[in-house]
Amino acid sequence: MMTDIRGEQMGRITVDIVLADNREVVKAAPEDRIPDSVKHLTVQGLVDTGAARLVLPQRAVDELNLQQAGDVSVRYADNRRETRPRVTNVWLSLCGRDGVFSATVEPNREDALIGAIVLEELDLIVDCPTESVHPRDPDMIVTEIE
């Protein structure tokens with residue numbers, strides 16, 4: 001576990017997310033809630049506000065039969081670069097909110113990585129002191145327009 005500058009322990013924020021192939025969700029139900037007839041799975045995700053995108057483990061992509069939509073270049077913390085598959089039409093539910101995203105596929109990853117794009121789109125706030133994620137407004141997504 002990491003520590004902050006005062007030497008106190010800092011936890012990693014992990015959440016459970018529900019994933020499905022959005023093409024199957026659209027076919028099965030026009031309403032907001034995912035029906036039981038659609039294949040979906042719950043995956044543990046690490047919330048990382050320093051990451052931009054959604055990263056999924058290969059096993060989740062395989063289980064949901066998500067289709068590859070090209071490749072992306074990935075730069076790791078050690079400056080190593082790799083090419084990884086990119087999938088689209090990823091239906092994701094977190095904190096009672098859902099959206100459709102693209103994702104980078106990481107072959108040896110066990111959990112998902114939830115970056116800022118998902119958090120922003122679902123209007124979720126990361127509360128570091130309580131190590132939790134919650135909607136900014138419990139009733140609806142807030143859009144700011146200038």
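The values are calculated or read from the model by the stated rules, or taken from the named source; none is laboratory data. Since this is a predicted model, take the numbers as computed values, not measurements. Virtual Cβ from ideal backbone geometry, glycine too; neighbours counted across all protein chains shown.
If a residue has to be among the β-branched types (Val, Ile, Thr), in contact with a Ser or Thr (Cβ under 9 Å, 6 or more places away or on another chain) and under 21 Å from Leu122 (Cβ atoms) to count, how many in segment 55-92 make the cut?
Result for segment 55-92: 4.
Just one residue in the set Ala69, Ala112 is small (Gly, Ala, Ser), modelled with pLDDT of 95 or more and crowded, with 18+ Cβ neighbours inside 10 Å; that residue is Ala112.
For Val90, the criteria (1) over 17 Å from Asn22 (Cβ atoms); (2) surrounded by 11 or more Cβ atoms within 10 Å (Cβ to Cβ) hold in every case but one, which is (1).
Among the residues of segment 40-51, those that are surrounded by fewer than 15 Cβ atoms within 10 Å (Cβ to Cβ) and at pLDDT 95 or above comprise Leu41, Thr42, Gln44.
Pairing each residue of segment 98-109 that is in contact (Cβ under 8 Å) with a residue 40 or more places away in the chain with any residue that is among the polar types (S, T, N, Q) and part of a strand (DSSP E or B), provided the two are 6+ apart or on different chains, yields C-beta distances under 9 Å for Val100/Thr88; Val100/Asn89; Phe101/Thr88; Phe101/Asn89; Ser102/Thr88; Ser102/Asn89; Ala103/Thr88; Val105/Gln68.
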